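Structure, as C-alpha cells:
The values are calculated or read from the model by the stated rules, or taken from the named source; none is laboratory data. What you are looking at is a predicted structure, and each value in this text was computed from that prediction instead of being measured. Note that each Cβ is placed from the backbone with ideal geometry, even for glycine, and that neighbours are counted across all protein chains shown.
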Amino acid sequence: MLLTIDIGNTTTKFGVFEDEDLIKRQTVPTIRGKTADEIFETVKDEMNYRFRDVIVSSVVPELNESFRILAENHFNSAVSFVDHDFDFGFKINYQPPENLGIDRLIAAYGAVQKYVKPCIICDFGTATTIDAVNSGNEYLGGIITAGMNLLADALHQRASKLPKIELRKPEKVIGTSTIAAIQSGIYFGYVGLVDGIIGRIMDEMGEKPTVIATGGLVKLIAESSKMLGIVDENLMLDGLRMIHNTRSEKPIKNFH
C-alpha cells in the first residue's frame, strides 16, 4: 500500500493506493501547529492500513515535520517529500524555478502523464492556479488568483454591511437580495474570470490544449464553465503516486 498526502493551505488530502487503484480517500482541515499525534487521531480510523511508503506534497512547510513523524512513528513507513529536484520530464520556463509551487508542478506532471499535451491545468482551491504545458513539452507558467472562498471572505471582512455567504450556483444572474447579489457576483464573475483567462492562454499558446481541472471547488465551477474539459478531483494524488512509481523505477499505468 502507498499513502499519498497533499497538504494544502485549507485542506489536506490523504489517498491510499493499491498498485494503480485509489482505494481510500480522506480530506481533513489543514491546521497549522498540529502535532503528529493530533493528526493521527484525526485520520487513524480511515487510514487503517499497512503502508510500505508515504509520499507528500506540501505548501505548508511548518507542518512538514509533523507529517514526517506521522509517517515514521505512526505508519512505520519511509516518507519522502516531493521537491524541485525531481525530474518532472518537461522544461520549466519559470523564473526562478524554485519559486514555482510544488503543487503546481505535481498537478502539471499528473495531467501530462494521465492525459495529453498540450494541456492547461486548473486547480481551484484557496488560491486558483491555471498553468500551461505546450506540445513541445514545456511548462510555460500560468496565473495565480484568489479562490472563490477568499473573494467571499474579503467582501464580508472589508465591507461592514455585506454578510458572509454560502458559495453556490445561483438560479439566475440578477440577484433580488443582498445575499443573492453577492452569490451571483462571486459565482458568475468567477466563471467569467476562469473562462476568460483560459481563452487568453489558448490564444497565447497558439494551439488547442486539453483543459484539466481539479481542486476542492472544481465541481461547482465546472457546472457553468464553457472551457473546463476534464474534471479530475484526484489529479494531485495520482500525480504523487506516479512520481513515487518513477522514483521506484516501476512502470506507470498507461492512461492514454
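Checking each residue of the stretch 199-215 against the condition of being within 23 Å of E171 (Cα to Cα) and of a type outside the set (K, R) gives no match. Residues satisfying the criterion are absent from the stretch 141-155 (criterion: assigned by TED's automatic domain parsing to the domain that holds I198, crowded, with 20+ Cβ neighbours inside 10 Å and β-branched (V, I, T)).
Cβ-Cβ contacts under 9 Å between residues 6 or more apart (or on different chains), taken from a first residue in the stretch 182-193 that is closer than 13 Å to E223 by Cβ and in contact (Cβ under 8 Å) with a residue 24 or more places away in the chain to a second residue that is in a helix (DSSP H, G or I) and among the hydrophobic types (A, V, I, L, M, F, W, C), are listed as Y187/M148; Y187/L220; Y187/I221; Y190/M148; Y190/L151; Y190/I221; V191/I221.
Would you check if I165 is more than 14 Å from L228 (Cβ to Cβ) and either modelled with pLDDT of 95 or more or basic (K, R) (or both)?
It is false that I165 is more than 14 Å from L228 (Cβ to Cβ) and either modelled with pLDDT of 95 or more or basic (K, R) (or both).
Results for (1) in the same structural domain as C122 (by TED's automatic domain parsing); (2) in contact with an Asp or Glu (Cβ under 9 Å, 6 or more places away or on another chain); (3) among the hydroxyl-bearing types (S, T, Y), shown as yes or no for each residue.
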{"residue": "T12", "(1), (2), (3)": "no, yes, yes"}
{"residue": "R25", "(1), (2), (3)": "no, yes, no"}
{"residue": "D45", "(1), (2), (3)": "no, no, no"}
{"residue": "N48", "(1), (2), (3)": "no, no, no"}
{"residue": "F51", "(1), (2), (3)": "no, no, no"}
{"residue": "V54", "(1), (2), (3)": "no, yes, no"}
{"residue": "N64", "(1), (2), (3)": "no, no, no"}
{"residue": "L70", "(1), (2), (3)": "no, yes, no"}
{"residue": "S77", "(1), (2), (3)": "no, yes, yes"}
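Residue pairs whose Cβ atoms lie under 8 Å apart, sitting 6 or more positions apart in sequence or on different chains, and linking a residue in the stretch 31-49 that is of a type in the set (D, E, K, R) to a partner that is exposed (fewer than 12 other Cβ atoms within 10 Å of the Cβ), are R32/E62.
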